[in-house]
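Some notes on the structure that comes next.
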Amino acid sequence: MDLRYIGHSAFEIKLANNSVLIDPYVKVNPDYNWHESNITDIFVTHAHGDHLGQAIEIAKEKDATITAIVELAQYCKEQGCKVRSVNFGGWINYEWGRVVFVPAYHTSALPDGRYAGTAAGIIIDAENVRVYHAGDTALTGEMKTIKELYRPNIALLPIGGNYTMDVEHAAIAADWIGAQTVIPMHYNTFPEIQADLEKFAQLLQFNNSTCVILDPKKN
Ligand code: NI
Ligand code: MN
């Protein structure tokens, strides 16, 4: 598995035979060329524009499937995309691995203002690695059950504050989740989500996790 940070909360997970995207707000990174990747699946944590991003356009060009919570999946279907409509609960199987949607403490509305279901986090289990993408979320006690139930190896956590956890809460989340590797996301894209990365890395030293800061320009 090769994890590439596109920027904001967007990641590409490159697997042996295909790629999957999470929250593909790809326009934040003009250097990222999704046309070259064999994208089979797109996961969207919630409907806000900085997460749904260019999912519809990419899914159509790549003939990829969008997996999302029922209400958001219905919207993507109406836009002409192939979808897998899911909710919280059990593992969902794919040819390349499996995925489970977990609660996030956040809101979710469509571009036209319609209710888009509950915001989610996503755990992807592929090639013997478990990646937890927390989506947009506040710190919530649910994160303790994520450790207990899923034991992710890598946690992608929002740290920018204002709409999500800030660095202090994200460090507590990292401890609760118990992942060995923590990758910060959802910071510095907008003026109101500026974050102190050095402070975050320092706070994580109190846990048994390592902070890995990925530069979207360098991978
Ligand atoms: Ni949001
Ligand atoms: Mn967001």
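Looking at the stretch 40-51, can you tell me whether even one residue there is without any contact (Cβ under 8 Å) to a residue 24 or more places away in the chain and either more than 16 Å from ligand 2 (Cβ to nearest atom) or among the acidic types (Asp, Glu) (or both)?
Scanning the stretch 40-51 turns up no residue that is without any contact (Cβ under 8 Å) to a residue 24 or more places away in the chain and either more than 16 Å from ligand 2 (Cβ to nearest atom) or among the acidic types (Asp, Glu) (or both).
Kindly check whether there is at least one residue in the stretch 54-63 that is in a loop (DSSP other than H, G, I, E, B), surrounded by fewer than 24 Cβ atoms within 10 Å (Cβ to Cβ) and within 16 Å of ligand 2 (Cβ to nearest atom).
Scanning the stretch 54-63 turns up at least one residue that is in a loop (DSSP other than H, G, I, E, B), surrounded by fewer than 24 Cβ atoms within 10 Å (Cβ to Cβ) and within 16 Å of ligand 2 (Cβ to nearest atom).
Would you mind telling me which numbered condition in (1) away from ligand 1 (no atom under 16 Å from the Cβ); (2) under 16 Å from the mean Cα position of the chain (by Cα); (3) open to solvent by 10 Å² or more (accessible area, probe 1.4 Å) Ile42 fails?
With (1) away from ligand 1 (no atom under 16 Å from the Cβ); (2) under 16 Å from the mean Cα position of the chain (by Cα); (3) open to solvent by 10 Å² or more (accessible area, probe 1.4 Å) applied to Ile42, the lone miss is (3).
Return the residues of the stretch 36-46 that are touching an Asp or Glu at 6+ places or on another chain (Cβ under 8 Å) and under 18 Å from Ala119 (Cβ atoms); say none if nothing qualifies.
Listed by number, the residues that qualify are Phe43, Val44, Thr45, His46.
Taking the stated definitions as given, is Ile124 within 24 Å of Phe206 (Cα to Cα), open to solvent by less than 50 Å² (accessible area, probe 1.4 Å), in contact (Cβ under 8 Å) with a residue 60 or more places away in the chain and more than 16 Å from ligand 1 (Cβ to nearest atom)?
Criteria not met by Ile124.
I'm checking my understanding of the structure. Among residues of the stretch 107-121 that are in contact with a strand residue (DSSP E or B) (Cβ under 9 Å, 6 or more places away or on another chain), assigned to a loop (DSSP other than H, G, I, E, B) and open to solvent by 10 Å² or more (accessible area, probe 1.4 Å), which one is nearest to His48 (Cα to Cα)?
Only one residue fits best here, namely Ser108.
When you look at Ile66, is it more than 16 Å from ligand 1 (Cβ to nearest atom), within 26 Å of Ile183 (Cα to Cα), open to solvent by less than 10 Å² (accessible area, probe 1.4 Å) and of a type in the set (A, V, I, L, M), yes or no?
When the stated conditions are applied, Ile66 passes them.
The values are calculated or read from the model by the stated rules, or taken from the named source; none is laboratory data. Everything numeric in this text was worked out from a predicted model, so none of it was measured. Cβ sites come from the backbone with ideal geometry, for glycine too, and all protein chains shown count toward neighbours. Accessible surface is based on the protein model in full, side chains and every heavy atom, while ligands, DNA and RNA are left aside. Shrake-Rupley method; radii C 1.70, N 1.55, O 1.52, S 1.80 Å.
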